[in-house]
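Participant: Take a look at this one; I'll ask things after.
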């Protein structure tokens, strides 16, 4: 049996931004997965994937996300991908990271 609690806290990693620790989730809700797929042409459009990621970060980091440079955003994205991979989640554009 699998026990699931609706609204459970999602796992996060920390981003220190202007001296304040912000939490960024590295799992996705069904709605986020759908938006990501639609926004990125199912992972085939890397530029749109970057745009999607900025929008994903906005609730976590606030409006300052628009002021972050591309290298900083890429650093956050790489950390996000690392945590997703460690958790066994599929990477953006990949069908599955689970063992077969």
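Bear in mind these aren't lab numbers, they're just calculated from the coordinates by the rules spelled out. It should be emphasised that the depicted structure is a prediction, and the values quoted were computed from it without experimental measurement.
Participant: Can you classify the range 1-75 as rounded, prolate or oblate using the Cα gyration tensor, where a ≥ b ≥ c are the square roots of its eigenvalues, rounded means a/c under 1.5, and otherwise it's prolate if a/b beats b/c and oblate if not? Mind dumping the intermediate values first?
Facilitator: Working: a/c = 2.55, a/b = 1.17, b/c = 2.19.
Oblate.
Participant: Taking only C-alpha pairs under 8 Å that are 6+ residues apart, what is the relative contact order of the chain in percent? Write down the numbers at each step before the final one.
Facilitator: Details: 79 pairs, mean separation 21.1, N = 100.
That works out to 21 percent.
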